[in-house]
Amino acid sequence: MTHPTNPSRRDALKLGILAGAGIACGFSRLSSEEPIAQAQLPLITKAIPKTGERIPVVGIGTNAYGVQTAEEKAPLRDVLKRIPELGGSVVDTAHGYGGGRSESVIGELLRENGNRDRIFLVTKVSTRGDLAAGKAQMEESLRRLQVDKVDGLLVHNLGGVDLLMPAFQEWKQAGKIRYLGISTSSDGQYAQLAEFIRKYPLDIVQVDYSLGNRGAAEMLLPLAQERGTAVMINVPFGGRRGASANFGRLASVPLPAWAADADIKSWPQYFLKYVVSHPAVTVAIPGTRSLRHLEDNQQAARGRLPDAAMRTRMEEFWDALPE
């Protein structure tokens, strides 16, 4: 949900955009020198409230990792090898992604890369009233990922929370889960998720939130912060238009010059730094399949974050863009 701005200010912002008083930059095109320069900036990490463990604020999502051929796996192998080299660690997947193939591909590639110990691995399961089926998914996820424990296990899209949560808690006590939680990517589930945040001792919740989809900030993000629950953000480039439409909307729009005050060099970094600068947000997980996108996105985890005043300015700039 977006928030209205003063019409006269909106018009003034539109004029500023069209005047091009900013950094002319494609949405994911950095010069060869810029990633090197940005890599020298300090890495931004945030603490998981329940333990104080710090993780980098930008990871990757793997919904589209359910590939088959060696040629299709090659770029994904490169991404999973490169992310810890760039300072990142969080890799998010789910039992159902890619028809179950995404977990299997990730397990295979992490084993080949030999860097599982540098990855903060999160997966998700769900069930429709069948506890045995949910537990079977949990076991299958470990087998597919070729691990004996995961850093995070979430109930996917609220599917069977009351059934699965006791099993999650048992697994956590047994050392098979480091952090447990719940995910959603639907505004229609916010009220129910809020009830679960109050009911269970959740370590992590995962929600959808972006410049074009700010509804989670109205209730869920403050509630998670109040309860000491870490927040993962899915679809941080999304919103009602979706990432491709949002970036298409920006194709001929230069970054505003003031974005440099938060070390922002591309539109993806603008989106990501907006998301992870929210005080309640712990990490954003943009879907990532290429090294080029990985390297651009990971720069959003370095340097300075927008303060409250800049966040408001970022919202106003976005809201003023022509539809």
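The values are calculated or read from the model by the stated rules, or taken from the named source; none is laboratory data. Small disclaimer: the values here were computed from a predicted structure and weren't measured. Note that we place each Cβ from the backbone using ideal geometry, even for glycine, and neighbour counts take in every protein chain shown. Please note that ligands, DNA and RNA were not included when accessible areas were found on the heavy atoms of the full protein model with its side chains. Shrake-Rupley method; radii C 1.70, N 1.55, O 1.52, S 1.80 Å.
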TODO: Consider a paramagnetic label point 7 Å from the Cα of LEU43 along Cα→Cβ; state which residues of segment 68-107 have an amide N under 19 Å from it.
DONE: 78-92
- [ ] Rounded to the nearest 10 degrees, what's the angle between the helix 70-85 long axis and the longest principal axis of the chain, both from Cα atoms, 0 to 90?
- [x] 80
TODO: Report the full-extension gain for the segment GLN68 to GLN225: residue separation times 0.36 nm, less the Cα-Cα distance, to one decimal in nm.
DONE: 52.5 nm
TODO: Take the solvent-accessible surface of the protein heavy atoms, probe 1.4 Å, and return the percent of it on the chain that carbon and sulfur atoms account for.
DONE: 51
- [ ] Have a look at GLU170, GLU71, GLU103 and tell me which one the Gaussian network model of the chain (Cα, springs below 10 Å) gives the largest fluctuation.
- [x] GLU71
Open item on the list: If you count only protein heavy atoms with a 1.4 Å probe, what accessible area per residue comes out for segment 264-323, rounded to a whole Å²?
Closed with: 31
Open item on the list: For segment 52-187, what does the relative contact order come out to in percent, with C-alpha contacts under 8 Å and a separation of six or more?
Closed with: 21
TODO: Scan around ARG302 for amide H atoms under 5 Å from its own, H built in the peptide plane at 1.01 Å from N, and keep only partners 5 or more places away or cross-chain.
DONE: ILE44
TODO: Could you tell me which of rounded, prolate or oblate describes segment 126-239, using a ≥ b ≥ c as the square roots of the eigenvalues of the alpha-carbon gyration tensor, with rounded for a/c under 1.5 and, failing that, prolate when a/b is larger than b/c and oblate otherwise?
DONE: prolate
Task: Residue of ALA70, ALA133, ALA243 that the Gaussian network model of the chain assigns the largest fluctuation, springs spanning Cα pairs under 10 Å - done: ALA70
- [ ] State, to one decimal in nm, how far the label point of ASP148 lies from the label point of ALA191, with both points 7 Å from Cα in the Cβ direction.
- [x] 4.6
Open item on the list: Over the chain, with a Gaussian network built from C-alpha contacts below 10 Å, which listed residue (GLU108, GLU53, GLU295) shows the highest mean-square fluctuation?
Closed with: GLU53
Task: Antiparallel bridges, percent of DSSP beta bridges restricted to the chain (to nearest 5) - done: 20
Task: Helix-derived mean residue ellipticity, 222 nm - over the chain, DSSP H n ≥ 4, -39500 (n - 2.57), to 500 - done: -12500 deg cm²/dmol
TODO: Could you please state, rounded to a whole Å, how far the C-alpha centre of segment 85-133 is from the C-alpha centre of segment 170-211?
DONE: 17
- [ ] At 0.36 nm per residue, minus the direct Cα-Cα distance, what do ALA257 and SER290 gain on full extension? Give it in nm, one decimal, please.
- [x] 9.1 nm
Task: Solvent-accessible heavy-atom area per residue, rounded to whole Å², over segment 134-231 at 1.4 Å - done: 38
Open item on the list: Can you classify segment 43-97 as rounded, prolate or oblate using the Cα gyration tensor, where a ≥ b ≥ c are the square roots of its eigenvalues, rounded means a/c under 1.5, and otherwise it's prolate if a/b beats b/c and oblate if not?
Closed with: oblate
